[in-house]
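The values are calculated or read from the model by the stated rules, or taken from the named source; none is laboratory data. Everything quoted here is computed from the prediction, not taken from an experiment. Ideal geometry is used to build each Cβ from the backbone, glycine not excepted, and the neighbour counts take in all protein chains shown. Accessible surface is based on the protein model in full, side chains and every heavy atom, while ligands, DNA and RNA are left aside. Shrake-Rupley method; radii C 1.70, N 1.55, O 1.52, S 1.80 Å.
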Amino acid sequence: MSENQTWHAASSPASARPDLSSKHSKKTALAVIVLMAGGLIFAGVNLFADVEESGQVVTSYFPFVLLGLALVIALAFEFVNGFHDTANAVATVIYTHSLPPAAAILWCVRCNFSGVLRSCGAVAFGIISLLPMELMLQASSGNGFAMIYALLFSAIAWNLGTWYLGLPSSSSHTLIGSIIGVGVANAINNGRSGMEGVNWDQALNVAYALLFSPLIGFVSAALLLLAMKKWLRNRQLYSAPQGKQPPPAGIRALLILTCTGVSFAHGSNDGQKGMGLIMLILVGAMPIAYALNRSVPPEQIPRVAALAQITSQQLMERHALPPQAAPREVLMQFMRSGDDTPQVAPALGALLDKIGRQIRQYGSMENIPAQLVANTRNDMYLAAESIKQLKAAKAQFPADTQNNLNAMKSELDNATRFIPLWVKVVVALALGLGTMVGWRRIVITVGERIGKTHLSYAQGASAELVTVATIGAADAFGLPVSTTHVLSSGVAGTMAANRSGLQMATLRNLVIAWVLTLPVSILISALLFTLFIHL
């Protein structure tokens, strides 16, 4: 007996199954194509406007070709992400007949769009900080483009493969594996141990979020369902839909509300991964326009310069930097090893002094000469990450010095970690269009192939409420989590708590995909990076 036959045999009558057989009409296909083209044109117009506003003289269009290709591939990653993660948000409202499939998809797309636009960027730059510092400082070089292309091709390849098989694999998991693969390959290619190629402290934080979020989803959804059974005595909540009639108004409103929350939370978390990659691409290809935040008000510059000078003096009072020691090299070694040697604090002080003198000299980010922009950004980025690494290493400083370091990091992040509105818009559009095109396979897996019975109203609400809370908490801490893993495990948890039975073949495939995602994406991205740096 097939999995679908098992589900139908053990669930309510087959007529309760939503109609998912409809194909995309020609009008829908045309609308998707038009929106795709419109999004690319919108990105291109804003890109050229930003470059023109920066005053950069265009002598060759080849960088624009590289940039355009990388942007298209990055948006393709978000498009495929929509196949996977966004489709999870609508499975419960579709299988409880709270909304018809077409309306559910359109509503989900709208909520995702809003979530992306309202995102703060913490997750985007949290993922980027996994990348090796030396590659981040080489974003404008061939190695920088090799890194971007390896990340994107690796993530897209695995996402498409698992989507084709109907497996709710995690785009977050895939992207992080790809980042680790690039870091390991870069270290090996430079004659170092592969273990030195990744920021393992940040990687472990991300790994914990990815590892424990499905367990949290499973247990929390199960406990929530049991609590609802104890305190909410409405028997209709715990029954499968009868025919294709929508649930009572109150239950329907709850399910639509939870779907809204999951869609919004997904956009605010997962959409940031594409934003981070696109900002890497923009900084690498057009540093004068995107390396520094040109919207920083000029009146803030004297205050930031004074803060840099004071903090520099405090750091250099502890130890003297040997004349032959280059501040950037000392800090780069610190970022690789994590060892807080006596040279680290004065090296950071020297770099902050250089940054302060430079921004004071030019008065605003816009006035920094084109040939210095990339170098200034690298100094700022390295200083900010060094401050973060010192905190992780539990370096001891006087209270006023520590306060100044925290304030300095905030100012440096404001100057280097920003996302233009147009980037958010095109990422949101790519995510939404991906959902419209590829939602069906994942929706069927979540709705039919996890449990042996039809999803009840309370099960759908429990799984989605837990998913909203989990993603919201991760977003607040700047950690990426997988909507796919949390919601799928939440549905499985409600099935277990309800003693509805689990389809072990599907769960086995989900676990296999979850286990294989990291090593496979590491291997693919490492091989691609090694190939691309020789091209």
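Conditions (1) open to solvent by 30 Å² or more (accessible area, probe 1.4 Å); (2) among the small types (G, A, S); (3) part of a loop (DSSP other than H, G, I, E, B); (4) in contact with a helix residue (DSSP H, G or I) (Cβ under 6 Å, 6 or more places away or on another chain), marked per residue:
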{"site": "P241", "(1), (2), (3), (4)": "no, no, yes, yes"}
{"site": "Q245", "(1), (2), (3), (4)": "yes, no, yes, no"}
{"site": "G250", "(1), (2), (3), (4)": "yes, yes, no, no"}
{"site": "V262", "(1), (2), (3), (4)": "no, no, no, yes"}
{"site": "G271", "(1), (2), (3), (4)": "no, yes, no, yes"}
{"site": "A289", "(1), (2), (3), (4)": "no, yes, no, yes"}
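When we screen A43, A76, A70, A102 for residues that are in a helix (DSSP H, G or I), small (G, A, S) and over 26 Å from the mean Cα position of the chain (by Cα), the only hit is A102. Checking each residue in region 504-523 for being within 19 Å of I442 (Cα to Cα) and in contact with a Gly (Cβ under 7 Å, 6 or more places away or on another chain) picks out only T517.
The residues of region 313-327 that are crowded, with 19+ Cβ neighbours inside 10 Å and closer than 30 Å to L282 by Cβ amount to a single one, P327. In region 188-215, which residue that is loosely packed, with under 12 Cβ neighbours inside 10 Å and small (G, A, S) is modelled with the lowest pLDDT? Ranking the qualifying residues of region 188-215, first place goes to S193.
Screening region 219-268 for residues that are closer than 30 Å to N81 by Cβ and in contact with a His (Cβ under 6 Å, 6 or more places away or on another chain) and picking the one that is modelled with the lowest pLDDT gives P241. Considering only residues of region 462-510 that are hydrophobic (A, V, I, L, M, F, W, C) and part of a loop (DSSP other than H, G, I, E, B), which is surrounded by the fewest Cβ atoms within 10 Å (Cβ to Cβ)? The residue in question is F477. Being open to solvent by 60 Å² or more (accessible area, probe 1.4 Å) and in a helix (DSSP H, G or I) is not true of L175.
In region 367-400, what residues are farther than 27 Å from A285 by Cα and out of contact with any Lys or Arg (no Cβ under 9 Å at 6 or more places or on another chain)? Within region 367-400, Q389, L390, A392, A393, K394, A395, Q396, P398, A399, D400 qualify. Would you check if T453 is open to solvent by 10 Å² or more (accessible area, probe 1.4 Å), among the polar types (S, T, N, Q) and outside any helix (DSSP H, G or I)? The answer is yes for T453. Checked against (1) out of contact with any Phe, Trp or Tyr (no Cβ under 8 Å at 6 or more places or on another chain); (2) under 18 Å from A393 (Cα atoms); (3) among the aliphatic types (A, V, I, L, M), I310 passes all but a single condition, namely (2).
Please verify whether S295 is surrounded by fewer than 20 Cβ atoms within 10 Å (Cβ to Cβ) and within 17 Å of E411 (Cβ to Cβ), treating the condition exactly as stated. Yes. Hey, does region 518-526 have a residue that's within 23 Å of the chain's Cα centre (by Cα), of a type in the set (S, T, N, Q) and either buried (at least 24 other Cβ atoms within 10 Å of the Cβ) or in a helix (DSSP H, G or I) (or both)? For region 518-526, residues within 23 Å of the chain's Cα centre (by Cα), of a type in the set (S, T, N, Q) and either buried (at least 24 other Cβ atoms within 10 Å of the Cβ) or in a helix (DSSP H, G or I) (or both): present. Of all residues in region 33-71, those being surrounded by 16 or more Cβ atoms within 10 Å (Cβ to Cβ) and of a type in the set (V, I, T) number 1. When P346 is tested against the conditions (1) within 30 Å of R192 (Cα to Cα); (2) open to solvent by 50 Å² or more (accessible area, probe 1.4 Å), the lone failure is (2). Filtering N509, N498 for residues that are at pLDDT below 85, over 22 Å from L152 (Cβ atoms) and not charged (D, E, K, R) leaves a single hit, N509. Checking each residue in region 401-429 for being open to solvent by 10 Å² or more (accessible area, probe 1.4 Å) and closer than 18 Å to W107 by Cβ picks out only L429. In the set (1) at pLDDT 75 or above; (2) part of a helix (DSSP H, G or I); (3) within 15 Å of the chain's Cα centre (by Cα), C120 fails one condition alone, (2).
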